[in-house]
């Protein structure tokens, strides 16, 4: 890898982005920067899988409250100080595209990875076998439940009940949180919600693969890595 450019680590959910980025950070003496849409929110560290498992700081993780509106356009501004060779950007989807290519100022929308990038970068796309990834997803959800995901959701449920949070917040539709809130409202059993959480995460991974193949094919600055 060229050492003077921004490193980017991406891949479908549960592909091991955080662990891989940590090793890369240690090897190249860099710090990590989050580009995951739900890891910005400090109230859901378990459900959004904010555990990077390293002593080094991770920027833009847990930096916002659930009640604060936050868009890809906001992120494109916040991430600007980190778009250099001292950092490793970790994430996927629209927020990653917003970081690297920006968004149209008027519409706050845009086609990811279109036009000239805001910074020179080298991207690694983690590409595990599908069956292995799906097993990892199922195991991760079970681990999140053991780590206290339900308690995390209960606190948010209480904030909603006391009208301290708006029920229309987009973050409340986050996979995992959405399912646990359904259970807490009495709409589904806990076991059913966990099964749906796993299923919907697998579906998300499939969509992310499709997105990555479309917008991040192998090329001079993009490497697909079998893991």
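List of remarks:
Residues checked against (1) buried (at least 18 other Cβ atoms within 10 Å of the Cβ); (2) farther than 14 Å from residue 49 by Cα; (3) assigned by TED's automatic domain parsing to the domain that holds residue 66:
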{"position": "137", "(1), (2), (3)": "yes, no, no"}
{"position": "153", "(1), (2), (3)": "yes, no, no"}
{"position": "177", "(1), (2), (3)": "yes, no, no"}
{"position": "181", "(1), (2), (3)": "yes, yes, no"}
{"position": "184", "(1), (2), (3)": "yes, yes, no"}
{"position": "189", "(1), (2), (3)": "no, yes, no"}
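- Residue count for the stretch 193-205 satisfying the condition of being without any contact (Cβ under 8 Å) to a residue 40 or more places away in the chain and touching a helix residue (DSSP H, G or I) at 6+ places or on another chain (Cβ under 8 Å): 3.
- Filter result (buried (at least 17 other Cβ atoms within 10 Å of the Cβ) and either over 18 Å from residue 80 (Cα atoms) or without any contact (Cβ under 8 Å) to a residue 40 or more places away in the chain (or both)) within the stretch 114-133: 124, 125, 126, 127, 128, 133
- Of all the criteria given as (1) on the phi > 0 side of the Ramachandran plot; (2) touching a residue at least 40 places away in the same chain (Cβ under 8 Å), the one not satisfied by residue 186 is (2).
- When the residues of the stretch 30-50 are filtered to those that are assigned to a strand (DSSP E or B) and touching a helix residue (DSSP H, G or I) at 6+ places or on another chain (Cβ under 8 Å), the one that is surrounded by the most Cβ atoms within 10 Å (Cβ to Cβ) is 35.
- Qualifying residue in the stretch 139-154 (condition: free of Cβ contacts under 8 Å to residues at least 12 places away in the same chain and either farther than 30 Å from residue 186 by Cα or in contact with a strand residue (DSSP E or B) (Cβ under 9 Å, 6 or more places away or on another chain) (or both)): no
- Test: residue in the stretch 207-224 that is at pLDDT 95 or above, crowded, with 16+ Cβ neighbours inside 10 Å and touching a helix residue (DSSP H, G or I) at 6+ places or on another chain (Cβ under 6 Å): no
- Within the stretch 74-113, the set of residues being modelled with pLDDT under 85 and surrounded by fewer than 16 Cβ atoms within 10 Å (Cβ to Cβ) comprises 104, 105, 106, 107, 108, 109, 111.
- For residue 215, the stated conditions hold: it is assigned by TED's automatic domain parsing to the domain that holds residue 13 and either under 22 Å from residue 14 (Cβ atoms) or free of Cβ contacts under 8 Å to residues at least 60 places away in the same chain (or both).
- Residues of the stretch 1-27 satisfying the condition of being assigned to a helix (DSSP H, G or I) and in contact with a strand residue (DSSP E or B) (Cβ under 7 Å, 6 or more places away or on another chain): 17, 18, 20, 21, 24, 25
- Residue count for the stretch 51-80 under the criterion of being over 17 Å from residue 9 (Cβ atoms), in a loop (DSSP other than H, G, I, E, B) and in contact with a strand residue (DSSP E or B) (Cβ under 6 Å, 6 or more places away or on another chain): the result is 2.
The values are calculated or read from the model by the stated rules, or taken from the named source; none is laboratory data. Since the structure is predicted, the reported quantities are computational estimates derived from the model, not experimental observations. FYI the Cβ positions are ideal-geometry reconstructions off the backbone, even for glycines, and counts take in every protein chain you see.
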